[in-house]
Amino acid sequence: MAADVYGGSGQTPADIRKRRTRSGAEIGVYAFLFFAFAEVAIHLLTLALDHQGGVTLAVSEPVATSFSRPDIVDRNGRLLATDLEAPSIYADPGIVVDRDELVEKLATVLPDIDQKDLLRTLSDRSRRFVWVRRGVSPKIAQKVHDLGLPGLSFRYELKRAYPAGKLAGHVLGSVNVDNRGLTGIEKYIDDSVGVDPIHAAVLSTRPPVRLSLDIGVQHALEDELGDAEKRYHTKGAAGIVLNIKTGEVLASSSLPRVDPTWPTQALDNKHLDRMMSGTYELGSVFKTLTIAMAFDEGIAKPDTMVDVRQPLEVGRFTVKDYHPSNRPLSVTEVFTHSSNVGAGMLALQAGPDKLESFLRKFGMLTQLKTEEGTVAPPQLPPKWGKAATITVAFGHGIAVAPLQFAAAAATILNDGKPVHPTFLRRYDAEATDEKPLITKMTSREMARLMRLNVSGPDGTGKKADVPGYRVGGKTGTADVAKRGGYSSKSVISSFLGAFPMDDPQYLTFIVLFEPKGTKETHWQHTAGYTAAPVTGRLIARIAAQLGVKPMDVVASQ
């Protein structure tokens, strides 16, 4: 009877209640396992998103923004700067188990971390996102991962990388932690080319920024400046190689060099870009401008005689020549003997108004701007009287950035056509309708004088000569201004060079800061013994790279 009542199964009510209780327990176990696996799946998904650059944040937390940047390449397409994916470390204070342990162990991998600041930040558990260190190397990221600290995670961002290291560091500039340009070409890219805001490690699709620089020429320049720094025990050095026809900067360097991956280096005055960011009294290289003015204004010709036997008196100052002459000199000899008295007399004959007007026409009295940044403004005489007219004629009493002077000198050699320095590759080399600033005759005469100063027996630039490449140039040795006057023991030694002088194509300008005389220089620190030979060694290395054929090769064709 009982079997019929309960379906013939033979099960009593107690048996049924037991089975139902067991089924409920099994359901509970299955539910627990389901939610546990779901939580694991969600966590894995979060980690996967994190690896792709996403982070799950509380609504109140800002989403960190970075910027993708186009590559920077040299004129031949060789890579100078690019974006790479790099891990960044962040913490979620809400799930940090032991703040003290986390900070203590993290410091073993990141010893320079601000432990007090990180402890204070992690104390705010209402925050769900705190940067610990951005853009670390994979090796560092692995070490942090191996610490196994709850609450630490990684996010992939873009970090700027410079494959050539310090090469052209000043020109390239630097970026901040968000990948925004701070200085140099990197700043130019932000201002004029464009960067893209991103929330993940997404590379830029913009075309690369092609510079005028040539890596081979840049390397040669930096190498020769470094050698000069050691040879002559200088306090610094700078140099540039400029295409006279196009204004393209093929190489520019300042020593000590900077590492573009460390932006704070550029803030140190020791690492100043001396080509652009400093102004200096450059000395006798300025005679290139003074004599060009005298020719172009009809004041003198190469064979015009100038009586330089007596010093020039200017108030309580006396202007005399380094090697006084006991006879009058022609204007050609004023240039090749580098006579301060002769240059001063020519400037006085022109008068302060004409000298000032000539320098202004050549852009020497106003601030120059380039893609690398704004050049330091020139320091000018407070009054263009007799004293200023004499001293400016031989490069004292006026201080300019070397790049600004190089541009003016290139204009002199470019048949008077204005040369505007650029750090970008130019494809319209001959496209200019600007009026020449001097006559072609004046330009050719200055090229002849510069060549004579290197090839002639009496020239001050003989040590810059390179057989076959028709080098020309002008020396400059300027006493450094010290408290209470000038010191002849401390000088800025420079050499303005150009080649080939039968049709000038390239200009070099080497500046050495406070070189010391050595046995090799017969204990002389003047430009003829220091900056001139540096120029010769540089041109010997780069002339062939630039496609300039030596004279014997040209003559045989």
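The values are calculated or read from the model by the stated rules, or taken from the named source; none is laboratory data. Since the structure is predicted, the reported quantities are computational estimates derived from the model, not experimental observations. Heads up, the Cβs are rebuilt from the backbone with ideal geometry, glycines too, and the neighbour counts pull from every protein chain shown. Accessible surface areas use protein heavy atoms only, side chains included; no ligands, DNA or RNA. Shrake-Rupley method; radii C 1.70, N 1.55, O 1.52, S 1.80 Å.
Against the criterion of solvent-accessible heavy-atom surface with a 1.4 angstrom probe, His522, His396 sort, most first, into His522, His396.
Ligands, DNA and RNA left out, the 1.4 Å accessible surface of the chain is 55% carbon and sulfur atoms. In order along segment 391-400, the Karplus-derived 3J(HN,Hα) couplings, from 6.51 cos²θ - 1.76 cosθ + 1.60 at θ = phi - 60°, round to 6, 4, 4, 10, x, 10, x, 9, 10, 9 Hz, and Gly and Pro are given as x.
For Asp214, the shell of other residues with beta-carbons less than 11 Å away shows a net charge of +1, using +1 for Lys and Arg and -1 for Asp and Glu.
If you average the sequence gap of Cα pairs under 8 Å that are 6 or more apart and divide by the length of the chain, what percent do you get for the contact order?
On the way: 1129 pairs, mean separation 74.6, N = 557.
With pairs under 8 Å counted, the relative contact order is 13 percent.
Only bridges with both residues in the chain count here: give the DSSP antiparallel percent, nearest 5. Walk me through the numbers on the way to the answer.
Working: 63 of 66 bridges.
Antiparallel bridges: around 95 percent, rounded to the nearest 5.
Between Arg316 and Asp353, the simple spin-label model (points 7 angstrom out along Cα→Cβ) gives 3.2 nm. Protection proxy ranking, highest mean first, for peptides 447-459, 300-312: 447-459, 300-312, where packing is the per-residue count of other beta-carbon atoms within 10 Å, averaged.
Once backbone amide H atoms are built at 1.01 Å from N, Arg309 has no partners under 5 Å, excluding neighbours fewer than 5 places away on the same chain.
Compared with the dominant Cα axis of the chain, that is its longest principal axis, helix 13-51 is turned about 0°. Shown here: Cα extents along the principal axes in Å, derived from the displayed model; of the candidates [x] 66, 62, 49; [y] 78, 61, 38; [z] 149, 57, 44, it corresponds to [z]. Charged neighbours of Lys516, selected by a Cβ distance under 13 Å, balance to +2 (K, R count +1; D, E count -1). Taking amide H positions as modeled 1.01 Å from N, with prolines and chain starts lacking one, the residues under 5 Å from Gln524 and 5 or more places away or on another chain are Thr518. Solvent exposure of the chain amounts to 48 Å² per residue of accessible area, where only protein heavy atoms count and the probe is 1.4 Å. Between 0 and 90 degrees, rounded to the nearest ten: what's the tilt of helix 99-109 against the longest Cα principal axis of the chain? Result, in degrees: 40.
Helices in the chain, meaning DSSP H runs of at least 4 residues, each add -39500 (n - 2.57). Divided by all residues, the mean residue ellipticity at 222 nm is -10000 deg cm²/dmol. The lysines whose alpha-carbon is closer than 17 Å to the alpha-carbon of Lys116, local same-chain residues fewer than 8 away aside, are Lys105. Residues whose amide H lies under 5 Å from that of Glu248, counting only those 5 or more places away or on a different chain, are Asn243, Thr422; hydrogens are built 1.01 Å from N in the peptide plane.
For the chain, the longest principal axis of the Cα atoms and the long axis of helix 340-350 meet at an angle of about 80 degrees. Near Gly194, once Lys and Arg are set to +1 and Asp and Glu to -1 for all other residues with Cβ below 11 Å from its Cβ, the sum equals -1. Of the residues Trp262, Trp131, Trp523, Trp384, the one with the largest accessible area comes first in the ranking Trp523, Trp262, Trp131, Trp384, computed with a 1.4 Å probe on protein heavy atoms.
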